[in-house]
Amino acid sequence: MLGAAQSELERFATAAAEREHMRPLPESRDGTAFFYRADHLPFAQSGVPVLALQQGSQFLDRASGWGPEQERQYLISRYHRASDEFTADFVFGGLLQQVRLAVRLSWMLGTTDAFPSWTPSSEFKAAGEQQRIRRLRDSGRSTDRR
């Protein structure tokens, strides 16, 4: 879950993942580059907490290094190339699990009154505070934190 650790989205996403019998792994250093190159970055820069779901690296029916090797091969030979498409051997089970996770996470966020805030160390925290003030002002509520 790229970017999740930057905001309270991590708490929501982890709870949703656990309900899907998934175990979120800490974001790798390589994942950071993807976060900053993704289409959602302008949302983060304007203060809206975001995360990107990424495929897992551990698979129940495969050896421990199989997932990372598949990703490495994909990045080397198919990423952003004409061959970057589904193949006949594609298994949709993991994709369905991710869709269920996304729907569950969306439901959790949509049915709470709490708007996820940025962590104190996040570079997007200041923009998030401005976003919070705008939301409160537009709703007619006070911006005082007391």
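The values are calculated or read from the model by the stated rules, or taken from the named source; none is laboratory data. What you see is a predicted model, and the numbers here were worked out from it, not measured in a lab. Neighbour counts are summed over all protein chains in view; Cβ atoms, including those assigned to glycine, are modelled from backbone coordinates with ideal geometry.
Please list, ordered by first then second residue, the pairs with beta carbon atoms under 9 Å, 6 or more apart or interchain, first in segment 101-112 and exposed (fewer than 15 other Cβ atoms within 10 Å of the Cβ), second not in a helix (DSSP H, G or I).
Sorted first by the residue in segment 101-112, then by its partner, the pairs are ALA102/LEU53.
Contact list please: Cβ distance under 9 Å, first residue in segment 83-96 and over 27 Å from ALA17 (Cα atoms), second residue acidic (Asp, Glu), pairs at least six apart or on different chains.
Once the first residue is over 27 Å from ALA17 (Cα atoms) and sits in segment 83-96, no partner that is acidic (Asp, Glu) comes close enough.
Have a look at PHE92, PHE34, PHE59 and point out the one that is at pLDDT below 90 and in contact with a strand residue (DSSP E or B) (Cβ under 7 Å, 6 or more places away or on another chain).
On the way: PHE92 fails: in contact with a strand residue (DSSP E or B) (Cβ under 7 Å, 6 or more places away or on another chain); PHE59 fails: in contact with a strand residue (DSSP E or B) (Cβ under 7 Å, 6 or more places away or on another chain).
Among PHE92, PHE34, PHE59, only PHE34 is at pLDDT below 90 and in contact with a strand residue (DSSP E or B) (Cβ under 7 Å, 6 or more places away or on another chain).
For a quick check of your reading of the model, give me the residue pairs whose first member lies in segment 122-134 and is surrounded by 15 or more Cβ atoms within 10 Å (Cβ to Cβ), whose second is of a type outside the set (Ser, Thr, Tyr), with beta-carbon atoms closer than 6 Å and at least 6 apart or on different chains.
SER122/GLN6; PHE124/ALA44; PHE124/TRP118; LYS125/TRP118; ALA127/GLY47; GLY128/GLY47; GLY128/TRP118; GLN131/GLY47
Considering only segment 1-16, state which residues are modelled with pLDDT of 90 or more, surrounded by 21 or more Cβ atoms within 10 Å (Cβ to Cβ) and within 23 Å of PRO68 (Cβ to Cβ).
Across segment 1-16, the qualifying residue is only ALA13.
For segment 87-146, which positions are under 25 Å from TYR36 (Cβ atoms) and either part of a loop (DSSP other than H, G, I, E, B) or in contact with a Cys (Cβ under 7 Å, 6 or more places away or on another chain) (or both)?
Correct list: PHE115, PRO116, SER117, THR119, PRO120, SER121, SER122, GLU123, PHE124.
Of these, SER57, SER64, which one is surrounded by fewer than 13 Cβ atoms within 10 Å (Cβ to Cβ), out of contact with any Phe, Trp or Tyr (no Cβ under 7 Å at 6 or more places or on another chain) and either of a type in the set (Gly, Ala, Ser) or under 30 Å from LEU136 (Cα atoms) (or both)?
SER64
Test of understanding: among SER83, SER46, which residue is more than 30 Å from GLN131 (Cα to Cα), of a type outside the set (A, V, I, L, M, F, W, C), surrounded by fewer than 17 Cβ atoms within 10 Å (Cβ to Cβ) and out of contact with any Cys (no Cβ under 8 Å at 6 or more places or on another chain)?
Result: SER83 is the single residue among SER83, SER46 that is more than 30 Å from GLN131 (Cα to Cα), of a type outside the set (A, V, I, L, M, F, W, C), surrounded by fewer than 17 Cβ atoms within 10 Å (Cβ to Cβ) and out of contact with any Cys (no Cβ under 8 Å at 6 or more places or on another chain).
Which of the following residues is aromatic (Phe, Trp, Tyr), within 30 Å of SER122 (Cβ to Cβ) and outside any helix (DSSP H, G or I): TYR79, TYR74? Give the steps one after another, and end with the answer.
Details: TYR74 fails: outside any helix (DSSP H, G or I).
Checking each option against the conditions leaves just TYR79.
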